[in-house]
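S.K.: After the structure tokens below, expect a handful of questions from me.
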Amino acid sequence: MKRLYKAVLIVTVFTLIDRVLGFGFKIYLSRELGAVSVGIYQVALSMFFVLLTFTTSGTPLVVSKMTALFRKKGDTQSEFSTVAAALVVGLLFSCGLSAVFFIFREPLGNIFAARESMNLLLLLLPGVMFSGVYAAFRGNMWGRERYVAVSVIELIEQTVRIFVCVLLIMLGFNKLRMTAVSMSVACGVTAIACMICYFKAKGKLKSPKGHLKPLIKQALPVTMIRASNTLVASLIGITIPFLLQGSGHSLAGALAVYGTAVGMALPLLYLPVTAVGSLAYVMIPSLSSAYHTGDKKSVKSQIESAIIFSLIMASLFMPMLLALGEPIGVFIYGNADAGRFLAFSAWLLIPIAAENIISSMMNSLGLEKRGFINYIIGAALMFAIMFAFWGRFRIEILSITLGIAWTFSTILDIIAIKKRTGIRLSFIKPLIKCICLIVPSTFLTSWLYTLTNGLPAVVRLLIASCVGTLFFALTASVFGVINLAVIFRKKSKKYGNRLLNNGMQQGGVKRAKRFKNKKTVV
């Protein structure tokens, strides 16, 4: 587990760097392109992501699981054949979809509000094909637990995209089209970098015969789940403005409310659970390998520890968002409505974290089909509740229905995992403790923000959020949710060993031994 959490830390650091670069790049594009051009590009980009979902979403995960399993068995032949099979599947799907959109570009272009969106999508199609290649090699590196290499390559992709885009714009080319070109170039560089890393690590390509069908069979449910995520997000984008209009909003007002909630507030909820996403990313090969080799003890330990870790991480940041949601919205976006929706939706951190980690476990345990069915049930429940409020729909109902959907599908996933592995529901007790500790931590955070009135906004936010988060961590340690004593005990033991060695050299053996044997009190 120590190695697992070390990998989580590495991936989290690289992910944060990548997101900071991406956030800065979005600010640059919004200023260079303008609101209308950004909207046109966003439409093309959304379709690009749909194509990527159908092309690459399931392949890396399945290849990573198979790679981890084959390497544990010492079956390098099957490992290399799986990579070759993934490469064939990725190229067939990506080239096939790209060809369809290129051939039928005229009629398909009519679905876009602006014709230029279709032109941009055509420039993005090479990126789809490059990603089909990248997915095969990335999955193998993932299965080999080469998380640093994968993280560095993804950071290179973001860096290349920014550099190429800024350079081409500075040279005077069409800004909007060069934004799309830079994406395809970055995907190409990423694919080449992955190939170099794979072959440099003595990877080979063997005949994919006998591995294509198993790969497609396992990847298809994962692809369908992630494709359904994309489609559900698109449906939400259509449904919410429609329901708001039915409740008395104008079209412009409905779009403004939707953009404030979904475009500004909800993305901030995913930042605090970055570590959970990293854990879900790195544990899939390890958990899958343990499960397929029959190591039930390791499977149960990983699942129970990961769920508890995810819930603690979500609870740790809830007081900050509950108490400071509105000022955070004003500070970042200059929009108090976004901040109020952020504070109202802060409780979603727990179902977001739980759904994130548990859905990954379902994939590792071969429960992809059940996970897909559970997700569809949750989504159907969400839309049913939304339409039940026809004529009196408010944006806060979106937050409530999202939480209900994620919670319901997650509970169904947990039931399936329990049947498959026999895990104990050991996370319930820590979760109850965390919820109880959130209340005083939220009041303390809010009180400190009020107390520091007169200081700059950023200083007030930092003081209140840091102290509130630290208070939650300390009280969680007191009530046995977080075991800080283990950390201090390890440090004390290391220091005691050093003191013992120094004491022996200086003749103070007895005093050094007394320090080493002394129990640490926390």
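Just so it is clear, none of the values below were taken in a lab; they were calculated from the coordinates. The shown structure was predicted, so the numbers you read here are calculated from the model rather than taken from an experiment. Here the Cβ is made from the backbone with ideal geometry for all residues, glycine too, and neighbour counts use every protein chain on show.
S.K.: For segment 104-176 and segment 388-447, what is the separation of their C-alpha centers, rounded to whole Å?
M.R.: Using only Cα atoms to place each centre, the spacing works out to 35 Å.
S.K.: Also, quick follow-up: Whose amide H sits under 5 Å from the amide H of ASN335, counting only residues 5 or more places off or on another chain, with H placed in the peptide plane?
M.R.: Those lying under 5 Å, H to H, from ASN335 are VAL330.
S.K.: If you filter segment 335-423 for chymotrypsin sites (Phe, Trp or Tyr not before Pro), then keep DSSP loop positions with at most 16 other Cβ within 10 Å, what is left?
M.R.: Hits after loop and neighbour filter: PHE389, TRP390.
S.K.: So what is the relative contact order for segment 310-454, in percent, with contacts set as C-alpha pairs under 8 Å and at least six apart?
M.R.: Value for segment 310-454: 32 percent.
S.K.: Could you pull out the trypsin sites (Lys or Arg not before Pro) across segment 355-432 that fall in loop regions by DSSP (anything but H, G, I, E, B) with no more than 14 other Cβ atoms inside 10 Å?
M.R.: Numbers: sites: LYS369, ARG370, ARG392, ARG394, LYS418, LYS419, ARG420, ARG424; in loops: ARG392, ARG394, ARG424.
Here the trypsin sites (Lys or Arg not before Pro) that fit, given the DSSP loop and packing criteria, are ARG392, ARG394, ARG424.
S.K.: Now, a different point. So what J values fall out for segment 454-468 if you push phi through Karplus, 6.51 cos²θ - 1.76 cosθ + 1.60 with θ = phi - 60°, rounded to Hz, Gly and Pro as x?
M.R.: In residue order, the calculated couplings are x, 7, x, 4, 5, 5, 4, 5, 5, 4, 5, 5, 5, 5, x Hz.
S.K.: Hey, another quick one. Checking the table LYS300/LYS429; LYS65/LYS200; LYS73/LYS369; LYS217/LYS300 against a 24 Å threshold on Cα-Cα, which pairs fail?
M.R.: Cα-Cα > 24 Å for LYS73/LYS369; LYS217/LYS300; rest within.
S.K.: Computed over the Cα atoms, what is the radius of gyration of segment 348-393 divided by 2.2 N^0.38 Å, N being its residue count? Numbers along the way, then the final one.
M.R.: Working: Rg = 13.6 Å, N = 46, 2.2 N^0.38 = 9.4 Å.
That works out to 1.44 for segment 348-393.
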